[in-house]
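J.: Could you have a look at this structure, given as structure tokens, before my questions?
The values are calculated or read from the model by the stated rules, or taken from the named source; none is laboratory data. From a predicted model like this one, the values you see are computed outputs, not experimental measurements. Cβ sites come from the backbone with ideal geometry, for glycine too, and all protein chains shown count toward neighbours.
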Amino acid sequence: MAEIKTVGVLGCGLMGSGIAQVCAQAGYRTIVREVSDALNQKGKANIIASLDKLVQKGKLDGGTREQILNRLQFTTDLKELAPCDLVIEAVTEDLELKNSLWKELDGLCGPQTIFASNTSSLTIAAMAAVTSRGDRFVGLHFFNPVPVMKLVEVVRTVTTSQATFEQAMAFARSLGKEPIAAKDSSGFIVNLLLVPYLLDAIRALERGVGSVEDIDKGMTLGCGHPMGPFTLLDFVGLDTTYKIAEIMFNEYREARYAPPPLLRRMVLTGMYGRKTGRGFYDYSTNPPTVSNLGL
């Protein structure tokens, strides 16, 4: 198989910008595609801020920082991804949107190009099926924040070739990540176990088992978790969690994946967590205080 030298990244949001950064840091020429120049500039600013922190901490020198930025190219034109050896998709968890992009890219990219999705809940097979390269389609599920988190779930479908799977594993390692092999089932390994835990925490709160603070404290001090479920929910985004839970519930039809009423109400009222300034905690104060959830 062709050596991976140029990587395309679809989407430059929180995940996409992080993926682009680690690819460029690892020495790959990286072409990032967003739907607007404004979104590209926002993503680029996130990457610059992240690299500047590394320079301030002495983990990166100024010259290397410039080299990394020079490996990055930003575009709004999907055709610019045509010469890529690997394309990693990191757009919204919307199968129709993802597949419309894959169909177009399938006709633009050469037959050697590997396609990879960063989806956290959709099946890879549902995307591979709309392309002519099922043998060169994998899941590469990174974790937020991408420059910090070591794990990458490498997901193979029934059609993924052994050569593609091995190249994807090697690519993840080249980024300084620790890849694990996951079956192509909604949620893969981590979210299959994590999402029911987060939803159970919300149900426990609804039933009055404990307060937001006490449930968080119980899981950090009692189980050694780095953060409690409500702090984690606010960090991930309640809208994101709700979307993932809906996808997984539709896939498995098991009650443990069904979004609780409280989560639904919070998403409907725009309480997404840190990104909107209010979720289970109110971030307008320092330190954050527990939000009034009407319970």
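J.: Can you give me the number of residues within region 148-188 that are assigned to a helix (DSSP H, G or I) and touching a residue at least 12 places away in the same chain (Cβ under 8 Å)?
T.: Step one: of region 148-188, the residues assigned to a helix (DSSP H, G or I) are 162-174.
Subsequent filtering for residues that are touching a residue at least 12 places away in the same chain (Cβ under 8 Å) retains 163-165, 167-169, 171-172, 174.
Adding up the residues that qualify gives 9.
J.: For Ile4, indicate whether it is aliphatic (A, V, I, L, M), in a loop (DSSP other than H, G, I, E, B) and touching a residue at least 12 places away in the same chain (Cβ under 8 Å). Lay out the reasoning, then the answer.
T.: Details: aliphatic (A, V, I, L, M): yes; in a loop (DSSP other than H, G, I, E, B): yes; touching a residue at least 12 places away in the same chain (Cβ under 8 Å): yes.
So Ile4 passes the test.
J.: Let me ask you something else. Across region 188-203, which residue is farthest from Arg265 (Cα to Cα) among those that are of a type outside the set (Val, Ile, Thr) and touching a Pro at 6+ places or on another chain (Cβ under 9 Å)?
T.: Taking region 188-203 first, the residues of a type outside the set (Val, Ile, Thr) are 188, 191-194, 196-201, 203.
Cutting the leftovers down to touching a Pro at 6+ places or on another chain (Cβ under 9 Å) gives us 197-201, 203.
Working: Tyr197: 19, Leu198: 16, Leu199: 14, Asp200: 16, Ala201: 16, Arg203: 13 Å.
The residue in question is Tyr197.
J.: Among the residues of region 159-181, are any in contact with a Leu (Cβ under 7 Å, 6 or more places away or on another chain) and polar (S, T, N, Q)?
T.: No.
J.: How about region 74-85: which of its residues are in contact with a Ser or Thr (Cβ under 7 Å, 6 or more places away or on another chain) and not acidic (Asp, Glu)? First the steps, then the outcome.
T.: Kept after step one, since they are in contact with a Ser or Thr (Cβ under 7 Å, 6 or more places away or on another chain), are these residues of region 74-85: 76, 83-85.
Result: Thr76, Pro83, Cys84.
J.: Continuing with the same structure: Only residues that are touching a Cys at 6+ places or on another chain (Cβ under 8 Å) and part of a helix (DSSP H, G or I): list them for region 18-34, please.
T.: Once the filter is applied, which keeps residues that are touching a Cys at 6+ places or on another chain (Cβ under 8 Å) and part of a helix (DSSP H, G or I), region 18-34 yields only Ala20.
J.: Which of (1) out of contact with any strand residue (DSSP E or B) (no Cβ under 6 Å at 6 or more places or on another chain); (2) within 23 Å of Thr92 (Cβ to Cβ) is the odd one out, the single condition Gly228 does not satisfy?
T.: (2)
J.: Looking only at residues in region 1-34 that are of a type outside the set (Gly, Ala, Ser) and under 17 Å from Asp94 (Cβ atoms), which one is surrounded by the fewest Cβ atoms within 10 Å (Cβ to Cβ)?
T.: If we filter region 1-34 for residues that are of a type outside the set (Gly, Ala, Ser), which is where we start, we get 1, 3-7, 9-10, 12, 14-15, 19, 21-23, 25, 28-34.
From the residues that got through so far, the ones that are under 17 Å from Asp94 (Cβ atoms) too are 10, 12, 14-15, 33-34.
Working: Leu10: 25, Cys12: 28, Leu14: 17, Met15: 21, Arg33: 27, Glu34: 23.
Checked region 1-34; the qualifying residue surrounded by the fewest Cβ atoms within 10 Å (Cβ to Cβ) is Leu14.
J.: Now for a separate question. Of these, Ile124, Ile114, which one is assigned by TED's automatic domain parsing to the domain that holds Ile19, closer than 20 Å to Thr6 by Cβ and touching a Ser or Thr at 6+ places or on another chain (Cβ under 8 Å)?
T.: Numbers: Ile124 fails: closer than 20 Å to Thr6 by Cβ.
Criteria check complete, one pass: Ile114.
J.: Just to be sure I understand the filter: pairs with C-beta atoms under 6 Å, separated by 6 or more residues or on different chains, first member in region 54-82 and closer than 19 Å to Lys42 by Cα, second member surrounded by 16 or more Cβ atoms within 10 Å (Cβ to Cβ) and hydroxyl-bearing (Ser, Thr, Tyr). Which pairs pass?
T.: That search, which allows pairs on different chains as well, returns Arg71/Thr30; Leu72/Thr30.
J.: Give, as residue ranges, the helices (runs of 4 or more DSSP H) completely inside region 189-295 that count at least 2 residues that are surrounded by fewer than 21 Cβ atoms within 10 Å (Cβ to Cβ) and over 21 Å from the mean Cα position of the chain (by Cα).
T.: Working: elements: 190-206, 212-223, 229-236, 238-252, 261-268.
Passing ranges, in order: 190-206, 212-223, 261-268.
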